[in-house]
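*Asks:* The structure is given below, and queries will be raised subsequently.
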Amino acid sequence: WHGEFIERRKDGTPFWVRTSVSSIIDDSGRLQHLLAVKEDISERKQAAEALRASEYKMTTILESVDAYIYIKGRDYCYQYANRRVCELFGKRLEEIVGQGDEVFFDEQTANNLRGNDRRVIEQGERVVEEEINTTIDGQITSAFLSVKIPLRDQEGAIYALCGISTDITSRKQVEAELEHYREHLEALVASRTSELAEAKEVAERASRAKSTFLANMSHELRTPMNAIMGMTSIALRRATDPQLVNKLTKIDKASHHLLSVINDILDISKIEAGRLTLELVSFKFGLVLENLMCMVGPRAAEKELTLFVDLPTDIARQSFLGDPLRLGQILLNLTGNAVKFTDHGSITLRIMKLEETP
């Protein structure tokens, strides 16, 4: 006779024991003794309980997820199916285990599934495929994204496959609708191509007309601005009243800013109109630098920087052919950046003659 019981140690802690009782009988068949053997099986019981708890936890997880999870053996029959698979087939787990896909799907679906399963079971592949499944009664067709992996024993032999499938039917329907909408949109765009081309041509003609007009206004806009700036500069040099100096300084800054904006707009317009060309006029280098110092000098003074101009007298008095306005813009950008990125000390602008040609 044997049985399993819970006993307590001397300190009161419980433990499991397995008790076996055997009869000792003499030659005449009479009972002489009883032999009792006790075995501590607490660790075995705890391990079995932990295994049951782990299995329960795993089953709870598999039954709770929205994915379709299943296991198929080497005979391609189901060994396990979670709640979602049971709901899909409309069967209890006991009715699914031991059955193949041909019981639940039409012939074409079953053949496709068998082909993917064979790659896993026979070739050991990890298969990721979109599967279109139709039930055996032909009433429900669903799209699934299925991931199938081989299950191996300790020796590495494949004994089953595990499949995890996600229902992507709604996503495929949305993709089909988007594709239909895209085709409709392409047709609509094609039907309006001529209208858009005509509208584009009209807009380009208007843009070219605008650019041509602004380019033609270059001289008319710059001439009065240069006069305003020059007269303001002269007035600043002669003014002694602090309030007047303050007002003239504001006018000077505003006029320089406006001229910069005008130059940018006109240059862009000339580029658009295809009419951006450098002027070829006679000018004195000294006048270009004088105008430059009027614009950069105050900014250098505000930062307490010393601004030196190294201009030989012969170059200052010599006449050159070129575009003084854009030469001035280049030097303004150069010295303006020097002032901007210099914190203390001095800045020197040096002009030298490299060569002279006719």
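The values are calculated or read from the model by the stated rules, or taken from the named source; none is laboratory data. Please read these numbers as outputs of a predicted model, since none were measured by experiment. All Cβ positions, glycine included, derive from the backbone under ideal geometry; neighbour counts span all protein chains shown. Calculation scope for accessible area: heavy atoms of the full protein, side chains included, ligands and nucleic acids excluded. Shrake-Rupley method; radii C 1.70, N 1.55, O 1.52, S 1.80 Å.
*Asks:* Residues being assigned to a loop (DSSP other than H, G, I, E, B) and either in contact with a strand residue (DSSP E or B) (Cβ under 8 Å, 6 or more places away or on another chain) or touching a residue at least 60 places away in the same chain (Cβ under 8 Å) (or both): count how many of those fall in the range 331-351.
*Replies:* Going through the range 331-351 one residue at a time, the tally reaches 2.
*Asks:* May I ask you to list the residues in the range 25-43 that are open to solvent by 70 Å² or more (accessible area, probe 1.4 Å) and β-branched (Val, Ile, Thr)?
*Replies:* 25, 37, listed by residue number.
*Asks:* Would you please name the residue that is modelled with the lowest pLDDT, looking only at residues in the range 288-313 that are open to solvent by 60 Å² or more (accessible area, probe 1.4 Å) and farther than 19 Å from residue 345 by Cα?
*Replies:* Applying the filter and picking the extreme gives 291.
*Asks:* Filter the range 165-222 down to the residues that are open to solvent by 70 Å² or more (accessible area, probe 1.4 Å), under 30 Å from residue 265 (Cα atoms) and of a type in the set (Ser, Thr, Tyr) and list them by number.
*Replies:* none
*Asks:* Consider the range 117-128. How many of its residues are surrounded by 16 or more Cβ atoms within 10 Å (Cβ to Cβ) and part of a strand (DSSP E or B)?
*Replies:* The total comes to 1.
*Asks:* Does residue 104 satisfy the criteria of being surrounded by 13 or more Cβ atoms within 10 Å (Cβ to Cβ), without any contact (Cβ under 8 Å) to a residue 40 or more places away in the chain and not aliphatic (A, V, I, L, M)?
*Replies:* yes
*Asks:* Looking at 161, 151 in this structure, which one is open to solvent by less than 80 Å² (accessible area, probe 1.4 Å), modelled with pLDDT of 90 or more and touching a Cys at 6+ places or on another chain (Cβ under 7 Å)?
*Replies:* From the options 161, 151, the qualifying one is 151.
*Asks:* Still on this structure, I have one more. Among the candidates 332, 325, single out the residue that is modelled with pLDDT of 85 or more, open to solvent by less than 100 Å² (accessible area, probe 1.4 Å) and among the aliphatic types (A, V, I, L, M).
*Replies:* After applying the criteria, what remains is 332.
*Asks:* Only one of 338, 316 is at pLDDT 90 or above, of a type in the set (Gly, Ala, Ser) and open to solvent by less than 60 Å² (accessible area, probe 1.4 Å). Can you tell me which?
*Replies:* 338
*Asks:* A follow-up question, please. Hey, residue 268 hits all of (1) over 46 Å from the mean Cα position of the chain (by Cα); (2) hydrophobic (A, V, I, L, M, F, W, C); (3) surrounded by fewer than 17 Cβ atoms within 10 Å (Cβ to Cβ) but one; which does it fall short on?
*Replies:* Result: residue 268 passes all but (1).
*Asks:* Listed residues 207, 165, 170, 211; which is closer than 21 Å to residue 84 by Cβ and in a helix (DSSP H, G or I)?
*Replies:* Just a single option satisfies the conditions, and that option is 170.
*Asks:* Read through the list (1) over 17 Å from residue 75 (Cα atoms); (2) open to solvent by 50 Å² or more (accessible area, probe 1.4 Å); (3) touching a residue at least 24 places away in the same chain (Cβ under 8 Å), then give the number of the only condition that residue 114 fails.
*Replies:* Of (1) over 17 Å from residue 75 (Cα atoms); (2) open to solvent by 50 Å² or more (accessible area, probe 1.4 Å); (3) touching a residue at least 24 places away in the same chain (Cβ under 8 Å), only one is false for residue 114: (1).
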